[in-house]
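Engineer: One structure, pasted below without further comment.
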Amino acid sequence: MPTLDPAVASRLKRDDHGLVAAIVQQHDTREVLMLGWMDDEALRRTLTSGRVTFWSRSRQEYWRKGDTSGHVQHVVAVSLDCDGDALLLEVDQVGAACHTGTRTCFEAGGPLPVVRVDAAPGGDR
């Protein structure tokens, strides 16, 4: 059985369940679509198939985005953050990204109240 490239696997910092957060972003608009979770096998499948595969924490199984809904995520690029504990997946999203039917999971969740601080002189916050 194929495994994740050891050079990639060695750079990952997984949680206690062996998972890494995967932030999914529309490649051309930079819109943040959703957050999923990947283990080494889900990442291997994503890197080698051109389609995004996640590990479902609730169902305890792999799921390839769009297989049942038709709302496919075609992989454009995958990056690892500086700490190795998060992935950024740039995709071409077909249809809704959220299982609720909205374009993004953050539309479905909705905004939270926040106190905004004006930018300091020079643009620093």
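Values quoted throughout were computed directly from the atomic coordinates according to the rules given, and no laboratory measurement underlies them. Everything numeric here is computed off the predicted structure, so don't read it as measured data. Note: ideal-geometry Cβ built from the backbone for every residue, glycine included; neighbour counts use all protein chains shown.
Rundown of residues vs (1) in contact with a His (Cβ under 6 Å, 6 or more places away or on another chain); (2) of a type outside the set (Asp, Glu); (3) closer than 26 Å to Gly110 by Cβ, yes/no style:
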| residue | (1), (2), (3) |
| --- | --- |
| Leu19 | no, yes, yes |
| Asp39 | no, no, no |
| Arg45 | no, yes, no |
| Thr68 | no, yes, yes |
| His74 | no, yes, no |
| Ala86 | no, yes, yes |
| Gly95 | yes, yes, yes |
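Engineer: Hey, another quick one. Any chance the stretch 85-95 includes a residue that's of a type in the set (A, V, I, L, M) and over 20 Å from Lys13 (Cα atoms)? Please lay out each step first, then the result.
Structural biologist: First, the residues of the stretch 85-95 that are of a type in the set (A, V, I, L, M): 86-89, 91, 94.
Add one more test, that the residue is over 20 Å from Lys13 (Cα atoms), and what stays is 91, 94.
The answer is yes; a qualifying residue exists.
Engineer: Another question about this same structure. Restricting to strands (runs of 3 or more DSSP E) lying wholly in the stretch 1-97: which have 1 or more residues that are exposed (fewer than 12 other Cβ atoms within 10 Å of the Cβ) and among the aliphatic types (A, V, I, L, M)?
Structural biologist: Correct list: 73-80.
Engineer: Also, quick follow-up: Given the criteria of a type in the set (Gly, Ala, Ser), surrounded by 11 or more Cβ atoms within 10 Å (Cβ to Cβ), under 11 Å from the mean Cα position of the chain (by Cα) and not in a loop (DSSP other than H, G, I, E, B), does Ala108 qualify? If you could, list the steps in order and put the result at the bottom.
Structural biologist: Details: of a type in the set (Gly, Ala, Ser): yes; surrounded by 11 or more Cβ atoms within 10 Å (Cβ to Cβ): yes; under 11 Å from the mean Cα position of the chain (by Cα): no; not in a loop (DSSP other than H, G, I, E, B): yes.
Here the answer is no, as Ala108 does not meet what is asked.
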